[in-house]
1. Starting from the residue with the highest accessible area, list Glu299, Glu217, Glu128, Glu46 in decreasing order, probe 1.4 Å.
2. Given a 1.4 angstrom probe, what's the average accessible area per residue across the range 46-120, in square angstrom?
3. Hey, any idea what % of the chain's accessible area is carbon plus sulfur with a 1.4 Å probe?
4. Rounded to the nearest 500, what is the 222 nm mean residue ellipticity of the chain from helices alone, with -39500 (n - 2.57) per DSSP H run of 4+ residues and division by all residues?
5. What is the angle, in °, between the Cα long axis of helix 28-38 and the longest principal axis of the Cα atoms in the chain? Nearest 10 is fine, range 0 to 90.
6. Which of rounded, prolate or oblate describes the range 90-157 when judged by the alpha-carbon gyration tensor and an a/c cut-off of 1.5?
7. Taking a ≥ b ≥ c as the square roots of the Cα gyration tensor eigenvalues, with a/c under 1.5 meaning rounded and otherwise prolate when a/b beats b/c, else oblate, which class fits the chain?
8. Return the aspartates and glutamates within reach of Lys180: Cα separation strictly under 20 angstrom, same-chain partners fewer than 8 residues apart disregarded; answer none if there are no such residues.
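The values are calculated or read from the model by the stated rules, or taken from the named source; none is laboratory data. The structure displayed is predicted, hence computed values, not measured ones. So basically every Cβ, Gly included, is an ideal-geometry build from the backbone, and we count neighbours across all protein chains shown. Just the protein is used for accessible areas: all its heavy atoms, side chains included, with ligands, DNA and RNA removed. Shrake-Rupley method; radii C 1.70, N 1.55, O 1.52, S 1.80 Å.
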Amino acid sequence: MSQVSLPQSLHPNLPLTALAPMQDVTNLWFMKIIAHYGSPDYFFTEYFRVNDTSRLNRHILAAITENDTGRPVFAQMIGESIPDLVRTAKELCKYNIAGIDLNMGCPAPRIYRKNVGGGLLREPEKVEQILGELRSVVSDRPFTVKMRVGFENTDNFYTILDIINRHNIDLLSLHGRTVKDMYHGAVKYDLIAEAVKRVNCPVLANGNINSATTALEVLAQTGAAGVMVGRWAIGNPWLFNQIRQALRGETITPVPLVEVRKYIDRLWHTPTASTIPMRSRVAYMKMFLNYIALSVDTEGHFLKLMRQAQTDVELFNLCDRFLVADPTQTLALAPY
């Protein structure tokens with residue numbers, strides 16, 4: 001079986017960009033917000049959990065059925081039960097999805113302990129079975145994989161890349177850390193470069209791409225077909241546009257901190273937020289501000305005070321103090 005062509009990118013002459021799937025973050029509303037500031041080429045949903053009792057999560061499904069960003073959305077699954085993965089893939093293919101993506105990289109211990117996500121990297125034989133069965137049912141659209149370079153070491157890395165080749169995977173998103181590394185330590189971009197040489201499909205380089213400059217360096221170092229950005233796009237939703245500006249050799253447009261303040265308002269006013277109790281809503285907002293803070297104030301004062309804020313009033317007064325006081329200040333282009 002030959003590979004299936006990927007959806008058209010926004011700028012066919014430039015490397016691909018994708019927003020990494022992040023649980024509890026990359027929902028419909030976050031995709032819409034990112035699209036407002038400059039869409040990536042591809043979106044990926046939060047993962048649909050797959051097991052013998054699973055049904056399609058309607059909130060995650062909304063990111064597909066109600067998506068008006070104009071960009072392709074890949075439906076991501078996580079699981080290890082082959083009959084249920086096959087059943088779910090068939091159900092998802094009834095919707096307007098760009099393709100099916102299998103999560104083989106989630107580093108959360110509660111996930112990998114169930115032998116799903118990054119846990120699968122310990123079992124190449126299981127990966128072989130899953131990819132074979134899924135490829136046979138996902139034949140009319142792309143079937144993609146997101147993974148890391150290994151579980152606690154890279155012993156199975158080349159074996160799994162060869163399995164990916166055998167089953168004609170259409171796109172590989174590769175985070176250059178092991179599952180046990182979580183989000184710490186150096187990203188092994190050299191192994192991403194090895195994967196680019198070894199697999200027959202385009203590879204998206206993933207892991208700590210925190211600025212447009214880093215994106216260009218990673219593309220040059222790895223030869224990847226594009227970059228996938230996760231946490232750093234939360235802190236800087238302008239990043240995909242900035243990457244494209246850098247790729248075209250243009251000067252990157254600075255983002256005034258006043259615009260960051262407006263972005264925070266957009267995050268606060270997503271339709272689902274209003275149904276959440278205030279304390280939870282403030283905690284949810286802090287999850288985003290943890291990333292925004294790093295590009296706003298390199299000294300770390302904003303981050304520290306933000307984490308101490310108890311109420312929405314405290315939180316927004318603090319945002320005003322750091323983001324609106326000086327209209328000449330701009331978002332840092334490279335986080336510290």
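1. Highest to lowest solvent-accessible surface, that is Glu299, Glu217, Glu128, Glu46.
2. 42
3. The computed percentage sits at 49.
4. Working: 14 runs with 144 residues, N = 336.
Counting only the DSSP helices, I get -12500 deg cm²/dmol.
5. So the inclination is approximately 70 degrees.
6. prolate
7. Working: a/c = 1.75, a/b = 1.47, b/c = 1.19.
Verdict is prolate for the chain.
8. Partners within reach: Glu80, Glu123, Glu152, Asp155, Asp190.
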